[in-house]
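Q: Below are the structure tokens for one structure; questions will follow.
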Amino acid sequence: MKLADLDIIVTAPPAPGWGGRYWILVKVTTDTGITGWGECYASSVGPEAMRAVITDVFARHMAGENPENIDLMYRRVYSAGFTQRPDLTVLGAWSGLEIACWDILGKHRDRPVHALIGGRTNDRIRAYTYLYPQAQHALPDFWSSPDMAAQSATAMVAAGYTAVKFDPAGPYTIRGGHMPSMHDISLSVAFCRAIREAVGDRADLLFGTHGQFSTGGAIRLGQAIAPYQPLWFEEPIPPDNTHEMSKVAAKVSIPIATGERLTTRSEFAPVLRSGAATILQPALGRCGGIWEARKIAVLAEAYNAQIAPHLYAGPIEWAANIQLAAAIPNILMAETIETPFHFDLIKHSLRVEDGYIPVPTAPGLGIEVDEELARAHPYTGAALHLEMQQDAVSYHEVNRFAGGAPAD
């Protein structure tokens, strides 16, 4: 059995676009006619440029190879062009293609992927959700309203979720770490207070930031929200500086989580060695795929750290996350996005039941992809999957982050 054909579908989720402006889906077929699906979570170049990268990676390093030879193909990709270091774009391409290989192998052997990477450790995976606006909530007011956030949290807990994430501390700018305004600190505290009062001890609070603070600013903010016992403080400073993140971890009582923008074990290992975080959040469509994420999870075990796979993408990456989570003992929870389009795209082959995701038993990733639906929603824009604000943070007015929703 050899890898033979590649097809790439860039699909745009309908408004409001939770999960990003577009999802890059890859369909890989073997010479024996078995099809595998993957998803590339790579966003530093546009989708057409990414299409070219994916095509090149497949043709150069994978076509004609047995899909079993994951490590061999990985070493080709990782070392390409005399690099032998993480390349976010190339490894994003590889990650989606690697996921497709595992889907093929599972289907070939009539076994779910988790059975091929260590077997089942968990029958169900704890899910968490971001706090999105409810039907009655006005935008953009929702993003700076503790009361609306508390209402959304109450609804999610009623639906069975035991952990909810929110990030009220201001926008993500291209300028690196900044000192939060007092308004941003006060609003963050108000969010934590309102949500904690609404859900009590029925749910964990997951405080999201995305690397927007200076070291001192992250410490100030973390200490301010600590009385509300968040389960984690996510990526408090830019992710490329593990030494400074370890200073935040030493000064803040909340566990630090990081990893959605990191790739391969070579970037996750320093996080663990320096004590920068105890919760790792690999995005499987970026970090190197399922097998590389499995290696990252093993590293984490040695440091008594846990894994919480990241998801701001489509349901194929979600399916890969669940297969990984089923096979590792140190899974904490898995990010989940529930929209009709997410579920329709995989024909409802994954589900959330009372806050948990039952591990599928079907072969491969355990999903069936609605290819016609994916092709019916092509992305035709020019923007990136996610974009950061160019303007500096304001110290005179509300700093609002619109939950990752595409502005268009």
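The values are calculated or read from the model by the stated rules, or taken from the named source; none is laboratory data. The structure presented is a predicted model; accordingly, all values stated were derived computationally and were not measured. Positions of Cβ are generated from backbone atoms using ideal geometry, with glycine treated the same way; all protein chains shown enter the neighbour counts. All accessible areas refer to the heavy atoms of the entire protein, side chains included, with ligands and DNA or RNA removed. Shrake-Rupley method; radii C 1.70, N 1.55, O 1.52, S 1.80 Å.
Q: Picking from Pro315, Pro340, which residue would you name as being surrounded by 22 or more Cβ atoms within 10 Å (Cβ to Cβ) and either of a type in the set (Asp, Glu) or under 21 Å from Val10 (Cα atoms) (or both)?
A: Pro315
Q: For a quick check of your reading: which strands (runs of 3 or more DSSP E) sit entirely within region 1-52 and have at least 2 residues that are open to solvent by 40 Å² or more (accessible area, probe 1.4 Å)?
A: Answer list for region 1-52: 3-11.
Q: Does Pro171 meet the test of being part of a loop (DSSP other than H, G, I, E, B), over 18 Å from Gly355 (Cα atoms) and under 24 Å from the mean Cα position of the chain (by Cα)?
A: yes
Q: Restricting to region 276-306, give me the number of residues that are in a helix (DSSP H, G or I) and free of Cβ contacts under 8 Å to residues at least 40 places away in the same chain.
A: 9
Q: Picking from Met62, Met1, Met73, which residue would you name as being touching a Leu at 6+ places or on another chain (Cβ under 6 Å) and either modelled with pLDDT of 95 or more or of a type in the set (Val, Ile, Thr) (or both)?
A: Exactly one residue qualifies, and that residue is Met62.
Q: If Ser349 meets every condition in (1) under 21 Å from Gly96 (Cα atoms); (2) surrounded by fewer than 20 Cβ atoms within 10 Å (Cβ to Cβ); (3) in contact (Cβ under 8 Å) with a residue 40 or more places away in the chain; (4) not aromatic (Phe, Trp, Tyr) apart from one, which number is that one?
A: (3)
Q: Going by the conditions given, is Ala257 outside any strand (DSSP E or B) and at pLDDT 95 or above?
A: no
Q: Taking the options Lys295, Lys251, Lys247, name whichever one is closer than 29 Å to Ile9 by Cβ and surrounded by fewer than 22 Cβ atoms within 10 Å (Cβ to Cβ).
A: Lys295
Q: Condition first: in contact (Cβ under 8 Å) with a residue 60 or more places away in the chain and hydroxyl-bearing (Ser, Thr, Tyr). Now tell me which residues in region 231-275 satisfy that.
A: Across region 231-275, the qualifying residues are Thr263, Thr264, Ser266.
Q: Quick check on my filter: what residues within region 188-201 are closer than 19 Å to Glu397 by Cα and either touching a residue at least 60 places away in the same chain (Cβ under 8 Å) or basic (Lys, Arg) (or both)?
A: Once the filter is applied, which keeps residues that are closer than 19 Å to Glu397 by Cα and either touching a residue at least 60 places away in the same chain (Cβ under 8 Å) or basic (Lys, Arg) (or both), region 188-201 yields nothing.
Q: Outside any loop (DSSP other than H, G, I, E, B), over 15 Å from Val248 (Cβ atoms) and out of contact with any Asp or Glu (no Cβ under 7 Å at 6 or more places or on another chain) - does that describe any residue in region 210-226?
A: no
Q: How many of the residues making up region 133-163 are modelled with pLDDT of 95 or more, of a type in the set (Ser, Thr, Tyr) and open to solvent by less than 50 Å² (accessible area, probe 1.4 Å)?
A: Residues in region 133-163 being modelled with pLDDT of 95 or more, of a type in the set (Ser, Thr, Tyr) and open to solvent by less than 50 Å² (accessible area, probe 1.4 Å): 4 in total.
Q: Further question on the same structure: Go through the residues of region 176-191 one by one and say whether even a single one is open to solvent by 50 Å² or more (accessible area, probe 1.4 Å), part of a helix (DSSP H, G or I), out of contact with any Cys (no Cβ under 7 Å at 6 or more places or on another chain) and not hydrophobic (A, V, I, L, M, F, W, C).
A: yes
Q: Do you know which residues across region 202-213 are over 23 Å from the mean Cα position of the chain (by Cα) and within 18 Å of Ser394 (Cα to Cα)?
A: Result: no residue meets the conditions.
Q: Working carefully through the options Glu397, Glu368, Glu387, Glu372, find the one that is open to solvent by 80 Å² or more (accessible area, probe 1.4 Å) and not in a loop (DSSP other than H, G, I, E, B).
A: The unique qualifying residue is Glu372.
Q: Being of a type in the set (S, T, N, Q), touching a residue at least 60 places away in the same chain (Cβ under 8 Å) and touching a helix residue (DSSP H, G or I) at 6+ places or on another chain (Cβ under 7 Å) is true for just one of Ser44, Ser95. Which residue is that?
A: Unique residue meeting the criteria: Ser44.
Q: Also, quick follow-up: Can you pull out every residue in region 375-384 that is at pLDDT 95 or above and either loosely packed, with under 14 Cβ neighbours inside 10 Å or closer than 21 Å to Thr129 by Cα (or both)?
A: Within region 375-384, Arg375, Ala376, Pro378 qualify.
Q: Right, something else. Looking for whichever is assigned to a loop (DSSP other than H, G, I, E, B), of a type outside the set (A, V, I, L, M) and open to solvent by less than 10 Å² (accessible area, probe 1.4 Å) here; the options are Pro309, Pro360. Which one fits?
A: Going through Pro309, Pro360 in turn, the sole match is Pro309.
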